[in-house]
Amino acid sequence: MYSDIEMREAYAKTVEQLYKNDSNVFALEADLSSSMSTSKLKDIMHENYVNVGIMEANMIGVAAGISCVGGYCFVHSFGQFLARRAMDQIFISLGYADLRACLVGSDAGVTAEHNGGTHMTFEDMGILRALPNIEIYDVCDSVQFHNVLNDAYKNRKLVYVRTFRKKQPKEIYSEDSSFINSGANILREGKDITIAACGIEVNEALKAADILSENGISAEVIDVYRIKPLNEELILNSVKKTGRIVTCENHSVENGLGSAIAEVLGEKYPVQMYRIGVRNYYGQVGNVDYLMQQYKITAEDIAKKADKLIKNK
């Protein structure tokens, strides 16, 4: 049902289902409905579907107003337009006001491809992670995306979900996969090193584990799909077993997944660690494969750093 469709189709389909069961569900867009496959929702949701035009900050205000009267909004734009352009409104109108909405930032990192540097957000998780009581997710496939959206609605949370619009080369989860709000899942058990990844890097981490296995190295792969709050117990238990960790993200190494895990380990269980991610660069034009190579976030890069950590011990 979800495992064979694009991420944007999973988003539109989930919001449609939730609306049909609850007339207090709203979908807000800022002139990107065709990009996220939500244009068809207009004829289904009627006045519960609102395209505010290219006014992202105003869109957050609309979501806050709807939340005040008991509605719950799914608010979509490209990640940079939510995290960078509308940060103050998210802070004041939603966070500080203790209101709820599900913010969906698409085109995460290198998946912005030919939209280039202005639209390539490597800093969105870092910007929003500083807000109190927000939950932050970076989803890796359509099944997981569907589950995270449903959980946000069910629990009426203030959530930021980071995603890409198209289909992954390989689906990570099956339709009957269980998430039970854990925030992280062990996808592959290992004993020599932990690889913690999120978003599109989950698939790269699994490929890296295969490369390492060919060299006799047993890597434990964790999909850390909820960056805030972290499932600290699961991560700590894995690292206590393996003694070292590589984190992998389609985001700046500053204040994203790697930073969040480093903060926990620094306080509770310091170990050897390396953060795979974008290091002090703006975005650029290119396809995903080219950009991943440019920013050194491929499976080969992960395997190389993991191997180096093991040999340095």
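Summary of values
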| read-out | value |
| --- | --- |
| Helices (runs of 4 or more DSSP H) lying entirely in region 239-313 (those with 2 or more residues that are modelled with pLDDT under 95, open to solvent by less than 90 Å² (accessible area, probe 1.4 Å) and more than 21 Å from residue 109 (Cβ to Cβ)) | 299-312 |
| Residues that are small (Gly, Ala, Ser) and under 18 Å from residue 224 (Cβ atoms), drawn from region 269-313 | 277, 299, 306 |
| The one condition in (1) of a type in the set (S, T, N, Q); (2) touching a Leu at 6+ places or on another chain (Cβ under 8 Å); (3) open to solvent by 60 Å² or more (accessible area, probe 1.4 Å) that residue 215 fails to fulfil | (2) |
| Filtered residue count, region 63-86, keeping only those that are open to solvent by 50 Å² or more (accessible area, probe 1.4 Å) and free of Cβ contacts under 8 Å to residues at least 12 places away in the same chain | 1 |
| Residue count for region 27-54, restricted to those that are in a strand (DSSP E or B), over 21 Å from residue 144 (Cα atoms) and in contact (Cβ under 8 Å) with a residue 40 or more places away in the chain | 2 |
| In region 130-165, residue least open to solvent (accessible area, probe 1.4 Å) [restricted to those that are of a type in the set (Phe, Trp, Tyr) and in a helix (DSSP H, G or I)] | 145 |
| Every residue from region 87-129 that is at pLDDT 95 or above, farther than 19 Å from residue 148 by Cβ and crowded, with 24+ Cβ neighbours inside 10 Å | 110, 122 |
| Cβ pairs under 6 Å, 6+ apart, first in region 126-137 and within 15 Å of residue 225 (Cα to Cα), second open to solvent by less than 10 Å² (accessible area, probe 1.4 Å) and of a type in the set (Asp, Glu) | none |
| Flag if residue 19 is surrounded by 20 or more Cβ atoms within 10 Å (Cβ to Cβ) and hydroxyl-bearing (Ser, Thr, Tyr) | yes |
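The values are calculated or read from the model by the stated rules, or taken from the named source; none is laboratory data. Keep in mind that what you see is a predicted model, and the values were worked out from it rather than measured. Heads up, the Cβs are rebuilt from the backbone with ideal geometry, glycines too, and the neighbour counts pull from every protein chain shown. Accessible surface areas use protein heavy atoms only, side chains included; no ligands, DNA or RNA. Shrake-Rupley method; radii C 1.70, N 1.55, O 1.52, S 1.80 Å.
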